[in-house]
Amino acid sequence: MSKQFWLVVAVAGWVAVGVAYAQQFPILDRVAEKVIQKYQSSTCEQLWQNRGKQQSPEEQRVVGFLKTDPQMREAFFNKIAGPVVNKMFECGMVP
């Protein structure tokens, strides 16, 4: 079989995995969207001021879930990593 065929099969497989994660953790998706929105709508100054502040009870609960479920943690980080790290880079928070 051709390389192109296997490439299409691999891409379809990754799409299926992504859809499975989205269906497996619907609440997590909403929390991830909230985190992404927070970073995208905040100024760099706001992010610097909030860095290291005490977490809200809701944030503590989410962190607790992420600590106990490696699959959920991976799905959450895969979803927020790009937008959050991009904003942090723009603000000089990561090298």
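At a glance:
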| item | result |
| --- | --- |
| Over the range 26-90: Rg over Rh, Cα atoms, Kirkwood Rh | 0.96 |
| Using a Förster distance of 22 Å, the FRET efficiency for Thr68-Ile27 (Cβ separation, nearest 0.05) | 0.90 |
| Net charge over other residues, Cβ less than 13 angstrom from the Cβ of Ser56 (K, R count +1; D, E count -1) | +2 |
| FRET efficiency, Gln60 to Lys34 (Cβ-Cβ, R0 22 Å, nearest 0.05) | 0.90 |
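Readers should treat all values here as calculations from the given coordinates under stated rules, not as data from a laboratory. Here the structure is a predicted model, which means the values were calculated and not measured. FYI the Cβ positions are ideal-geometry reconstructions off the backbone, even for glycines, and counts take in every protein chain you see.
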